[in-house]
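The values are calculated or read from the model by the stated rules, or taken from the named source; none is laboratory data. Small disclaimer: the values here were computed from a predicted structure and weren't measured. With ideal geometry, Cβ positions are generated from the backbone for all residues, glycine too; neighbour counts draw on all protein chains shown. Surface accessibility is based on the protein's heavy atoms, side chains included, excluding ligands, DNA and RNA. Shrake-Rupley method; radii C 1.70, N 1.55, O 1.52, S 1.80 Å.
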Amino acid sequence: MHQFQSALTAQQEAVYTELLRTPSMSVGTYVIPAGADDPQCPHTEDEVYVILGGRGVLRTEHGDDVAEPGVALFVPAGERHRFVEVTETLSMYVVFAPAEGTRAVPATRGER
């Protein structure tokens, strides 16, 4: 007999998957396993998280918000944020407006 783990239960790190991209917005799914680190950096676009399942806390420069099913959380462009205290695997839709990365300034020579 062989035992196989689903991708969700075997996952040990946060995974973002883009589902849709237009110039004005992009939509994806983001899954953070319980206890995993959220490696996000500030984004150049406004962002909305729609929590589908799990439990954690969204920590921003302006305070903490509970992340639980049915909650929508807004993070303005440029604001430092990350999910912490993920006690149950968080799954969510992420909406960027405009599309993720479209406001990013390309690095010039010598910059990384």
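Couple of notes before you dig in:
- Rounded to whole Hz, the Karplus (6.51, -1.76, 1.60) HN-Hα couplings of the stretch 84-95, x for glycine and proline: 10, 6, 7, 8, 10, 3, 8, 10, 7, 8, 10, 10
- Heavy-atom accessible area, probed at 1.4 angstrom with all protein chains present, ranks 90, 52 as 52, 90, highest first.
- Exposure ranking of 82, 103 by accessible area [1.4 Å probe, largest first]: 103, 82
- With the largest listed first and rounded to whole Å, the semi-axes of the equivalent ellipsoid of the stretch 12-59 from the Cα gyration tensor are 21, 12, 11.
- When only alpha carbons are used to place a centre, the stretch 23-37 and the stretch 47-100 end up 9 Å from one another.
- Near the amide H of residue 53, within less than 5 Å, lie the amide hydrogens of 91, all on another chain or at least 5 residues away, with H placed in the peptide plane.
- Modelled label reach - residue 22, point 7 Å along Cα→Cβ, the stretch 78-101 residues with backbone N closer than 20 Å: 93-101
- Based on alpha-carbon atoms, the Kirkwood radius and the radius of gyration of the stretch 43-108 give Rg/Rh equal to 1.02.
- With both labels modelled 7 Å from their Cα along Cα-to-Cβ, the residue 12 to residue 88 distance reads 2.5 nm.
- Other residues whose C-beta falls under 14 angstrom from the C-beta of residue 76 contribute a net charge of -4, scoring Lys and Arg +1 and Asp and Glu -1.
- Note on residue 94: accessible area is roughly 0 Å² with a 1.4 Å probe, heavy atoms of protein only.
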